[in-house]
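Following: one structure in structure tokens, then a few remarks.
Read-outs throughout are calculated quantities, based only on the coordinates presented, and are distinct from any laboratory measurement. Since the structure is predicted, the reported quantities are computational estimates derived from the model, not experimental observations. Here the Cβ positions follow ideal geometry from the backbone for every residue, glycine too, while neighbour counts run over all protein chains shown.
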């Protein structure tokens, strides 16, 4: 019941803060990677080049689906913003249901921008079902599809190094984030502005996906402080010898 | 129609979630819904493979760069799928296809990955020279030295040093995972409340 209580608290805070954020938009700290993402999107539209969005292999039936859903929220906003471009973004996924959802999300984005006729189902692609086959299928997109910016966001493992290396060789812009600690280490070593930890989940807020995404970040901050408080109280009680 | 889709998705999500908290009342419904989701995910694999073939066929038709690889992929897929249907996945020829082609190819990619990671680590200090990058590299090298086998046996005091450094790395990893868990929780709430609709709603 404690877990349900936390869940309800988060939901209530989220609803209240979303209403508040609609009237008073949040100001976020600058994250270099997202600054570069917004710049790269604008440049890609102006130059008539492509964005490559890699959603990883986060199966939606597992706990890894959270990062995939966050990436889809960002993709939806990117699809709206790039709907005027000659070359639509190309999306690669390593999970079949995620690939289908990426197609749905792209279509929704184009529809919202009033450009549904621009949508092509082939822009949302399944490139492989194992980590390496996924990477091996996604690397040619980076090389051959006139891509100028790569956005790798989702559940990936160490195989993400192959994608990062391909982006680096093509001298394209790279924004990379993952919920997987191995991939985060890879991105830290290989990417220009790596996104660490929960910064992945801020993607929607930083690309302007709406007040709810800003409210999500506020609720995460509140819950984080509650956890810190709980850890400190727990440590204090343990030091005092309380039976916990 | 979109409202109905959203309502069904939200209701299913809520039932599955509440099924964890009220197993006596909702466990059976939750299991049915999860079973359906697994079946749909299985069908999605077929749809995904169709998408893969369609994309490659488009590349072949428009004679894009690398379309010959696409043709090879489609041909291999059709042959493997056909033999898989006729012989069954446990047949020795099907196992041979996996052991003689898929496993070596993935092992080769793993080897490339090791070199790529090493190269990325070397370039880290060229790309970003700051205190955290230096600490990152130093700790990675130290861990590698401590865990690697040497002809002279283990490095003296390796266990104690690994345990000591592990305090910081485990603490850092837990901090990151807590942040990710909170992000996942809020993403889930957004989907359950219908704010984010990755299933095609507006």
Rounded to the nearest 10 degrees, the helix A:32-47 long axis (Cα) sits at an angle to the longest Cα principal axis of chain A of 20 degrees
Chain B, Gaussian network, Cα under 10 Å: of B:104, B:151, B:23, the residue fluctuating most is B:151
The alpha-carbon center of segment A:171-244 and that of segment A:96-166 are separated, in whole Å, by 24 Å
Rg (one decimal) and Dmax (whole number) from the Cα set of segment A:140-244, in Å, equal 18.8, 63
Averaged over residues of A:66-73, the number of beta carbons from other chains lying within 10 Å of each residue's Cβ is 6
Expressed as a whole number, the average count of other chain Cβ atoms within 10 Å around the Cβ atoms of A:156-164 is 3
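Using Cα pairs under 8 angstrom and six or more residues apart, how large is the relative contact order of chain A, in percent? Intermediate results must be reported in sequence, preceding the final value.
Details: 415 pairs, mean separation 55.0, N = 244.
Worked out over chain A, it gives 23 percent.
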Distance in Å, no decimals, from the C-alpha centre of segment A:52-78 to the one of segment A:16-51 is 17 Å
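So how many Å³ per residue does the convex hull of the Cα atoms of chain A work out to? It would help to have the intermediate numbers written out before the result.
On the way: hull volume 35.8 nm³, N = 244.
For chain A, the hull spanned by Cα atoms encloses 147 Å³ per residue.
If you build the Cα gyration tensor of segment B:30-146 and take the root of 5 times each eigenvalue, what three semi-axes come out, in whole angstrom, biggest first? Numbers along the way, then the final one.
On the way: eigenvalues 307, 101, 72 Å².
For segment B:30-146, the ellipsoid semi-axes come out as 39, 22, 19 Å.
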Taking B:54-64, A:191-201 and ranking on average Cβ neighbours within 10 Å, highest first, one gets A:191-201, B:54-64
Distribution output for chain B: share of Cα-Cα pairs per 10 Å bin in percent, first bin at 0, values 6, 14, 20, 21, 29, 9, 1, 0
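Could you put A:31, A:231 in order, starting from the residue whose Cβ has the fewest other Cβ atoms within 10 Å? Before the final figure, lay out each step's value.
Details: A:31 17, A:231 12.
Listed from fewest to most nearby Cβ atoms, that is A:231, A:31.
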Contact order relative to length for chain B, counting C-alpha pairs under 8 Å separated by 6 or more residues, stands in percent at 25 percent
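Need one word for the protein assembly as shown: rounded, prolate or oblate. Basis is the Cα gyration tensor (sqrt eigenvalues a ≥ b ≥ c); a/c below 1.5 gives rounded, then a/b vs b/c decides.
Details: a/c = 1.35, a/b = 1.09, b/c = 1.24.
Because its axes are fairly even, with a/c under 1.5, the protein assembly as shown counts as rounded.
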Taking Cα atoms only, helix A:65-81 is inclined relative to the longest principal axis of chain A by an angle, in degrees rounded to 10, of 50 degrees
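By its C-alpha gyration tensor, with a ≥ b ≥ c as the square roots of the eigenvalues, how is segment B:101-172 shaped: rounded for a/c under 1.5, else prolate for a/b larger than b/c, else oblate? Walk me through the intermediate numbers first.
Details: a/c = 2.13, a/b = 1.24, b/c = 1.71.
Cα axes put segment B:101-172 in the oblate bin.
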To the nearest 0.05, the calculated FRET efficiency linking residue A:224 and residue B:147 through their beta-carbon distance, R0 being 25 Å, is 0.15
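Per the helix-only calculation at 222 nm, which mean residue ellipticity applies to the protein assembly as shown, given -39500 (n - 2.57) for every DSSP H run of n ≥ 4 and division by its residues, nearest 500 deg cm²/dmol?
On the way: 16 runs with 302 residues, N = 446.
So the calculated ellipticity at 222 nm is -23000 deg cm²/dmol.
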Here the gain from full extension of residue B:73 to residue B:119, 0.36 nm per residue of separation minus their alpha-carbon distance, amounts to 13.6 nm
Honestly segment B:9-66 on the Cα gyration tensor test (a ≥ b ≥ c root eigenvalues; a/c under 1.5 rounded, otherwise a/b vs b/c for prolate or oblate) is just prolate
For peptide A:222-230, the mean count of other chain Cβ atoms within 10 Å per residue Cβ is 2
